[in-house]
Amino acid sequence: MAESPVVTDQTPIPKTQPATSQPASSKRLIKALRREPLDRPPFWLMRQAGRYLPEYRQTRAEAGSFLDLCFDSARSAEVTLQPIRRFGFDAAILFADILLIPSALGQKLTFAEGEGPVLAPIRDLEALKPLSAEHLHERLAPVYDTVSRLSKALPGDVTLIGFAGAPWTVATYMVQGRGSSDQGAAKSWAYHKPDEFQVLIDLLVDVTIEYLDRQVQAGAEVLQLFDTWAGSLPEPQFHRWSLQPMKRIAEALKARYPHVPMIAFPRGAGPLSRDVALVDAIDAIGLDTSMSVGWAAREVQSLKTTQGNLDPLMVVAGGKTMEGEITRILSGFGQGPHIFNLGHGIVPETPPEHVGALSRQVLAWRG
Ligand code: CP3
């Protein structure tokens, strides 16, 4: 008979994360991602570096444009650290943007002030031809440099998160040429000529794997895939264009770096989030603002660590309203594993004092 392991009352580590391949970590975010018990959940906020902070606006003005800032490693590292100094988050997310990938592939990208991203739209295979991964790493080298600077500069208990956009979301911007309310141009291509659209998605899968691989080599300890527009697709198309590409990326990275956890954020996916949680190589699911805490605690948290989901506008409101919402979410996800976060990115109108109050409340929480 095989020797039986020591039985403890701790949450068992799931089969996808064999304990033997995990170097021990004292970092709270890593522990939550491994489903280890904690006295309070780790927390960080999507878009925690940004325009709501005066010091960000100052550094951004010194850098020039938003893209200049993204490609300036010293300043990108500086703005990544700014919210860590102020609020004591358990994680820092690399300062960059999901659209640096199309830019590095050769698609012209600008950020028009107050308007968001503008790209030269790609609507067919002909327009896709000039894009090439040949200079990818050369063009993205400043991003890798930002990661390695952060890896040296961060306090020992803060986890460094690297990220990329999920192929579907990045494709929506590449095809539309800008943000859109219905992702119409990308859907139109995907529905009319799925085999052609697949060529774009496959390219994005391949380059995203290599981009994230380099981030890990430079010091990223956790990865997140942002699928902001996952929720705009019908179920079969969600599986093909949102879930499958994320699965391929997560599996490739898990094979290379079994100890690096992957968080997927399929915004708007509702109950389909559970299908993402069923992917072995994905360790945590980001929940958007609209997700029911009760449902997610039952259907998602039982499978994988959850992350979310305070409405960013609650942080603009602040006061008792925000406090009540934070309590509802922290109680709803109970003993974890949970990572407290927003349901989408922090907005520029957010008073920094409200983020301070949020932070004090989460730090004082005992489940
Ligand atoms: O979270 C962080 O602090 C890390 C940095 C980060 C940025 N963008 C910086 C940014 C991350 C993780 C992103 C992801 C991103 N970028 C997403 C996915 C998440 C989401 O918010 O849905 C998307 C869709 C983008 C593309 C993008 N970048 C848009 C549509 C815009 C314009 C909207 C806006 O807020 O201005 C951006 C610009 C952007 N990316 C800013 C920042 C701080 C604001 C630019 C500025 O300083 O002027």
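Working note: Karplus 6.51/-1.76/1.60 with θ = phi - 60° gives the range 49-60 the couplings 9, x, 5, 6, 9, x, 5, 5, 4, 5, 5, 4 Hz, where Gly and Pro are set to x.
Farthest toward the positive end of the dipole of the chain, out of His192, Gly343, Ser242, is the Cα of Gly343, where the dipole comes from beta carbon charges about the Cα centre. Measuring with a 1.4 angstrom probe and ignoring ligands and nucleic acids, Arg86 comes out at about 110 Å² accessible.
Put a plus charge on the Cβ of each Lys and Arg, a minus charge on the Cβ of each Asp and Glu, and nothing anywhere else: the dipole of the chain about its Cα centre is then about 600 debye. Ordering Val300, Val205, Tyr173 by Cα displacement along the dipole of the range 167-307 toward the positive end leaves Val300 in first place; charges were set at the Cβ atoms of Lys, Arg (+1) and Asp, Glu (-1). Solvent-accessible area assigned to carbon and sulfur over the chain amounts to 53 percent, based on a 1.4 Å probe.
For the range 41-364, the residue among Leu287, Ala127, Cys70 whose Cα projects farthest onto the positive side of the dipole built from Cβ charges is Leu287. Along the range 278-292 the Karplus relation, 6.51 cos²θ - 1.76 cosθ + 1.60 evaluated at θ = phi - 60°, assigns HN-Hα couplings of 7, 6, 3, 6, 9, 9, 8, 10, x, 10, 7, 3, 7, 6, 5 Hz to successive residues, with x for each Gly and Pro. The residues of the chain expose, per residue, 42 Å² of accessible area to a 1.4 Å probe. Distant-in-sequence amide contacts of Ile339, defined by a placed amide H-H separation under 5 Å and a gap of 5 or more residues or a different chain, comprise Thr306, Gln307, Gly308.
Taking every DSSP bridge with both residues inside the chain, close to 15 percent are antiparallel.
The peptide list 260-272, 293-305, 201-213, put in order of mean Cβ contacts within 10 Å with the highest first, becomes 260-272, 201-213, 293-305. Roughly how many Å is it from the Cα centre of the range 55-92 to that of the range 321-360, as a whole number? The range 55-92 and the range 321-360 have Cα centres separated by 22 Å. Phi angles of the range 302-308 translate, via the Karplus equation with coefficients 6.51, -1.76, 1.60 and θ = phi - 60°, into HN-Hα couplings of 5, 9, 9, 4, 9, 9, x Hz per residue; Gly and Pro are given as x.
Summed over all non-identical Cα pairs, the Kirkwood treatment of the range 82-220 gives a radius of 16.2 Å. Volume per residue of the convex hull around the Cα atoms, evaluated for the chain, comes out as 138 Å³.
The values are calculated or read from the model by the stated rules, or taken from the named source; none is laboratory data. Since this is a predicted model, take the numbers as computed values, not measurements. Here Cβ is always computed from backbone atoms with ideal geometry, including for glycine, and neighbour counts include all displayed protein chains. With ligands, DNA and RNA removed, areas are computed over all heavy atoms of the protein, side chains included. Shrake-Rupley method; radii C 1.70, N 1.55, O 1.52, S 1.80 Å.
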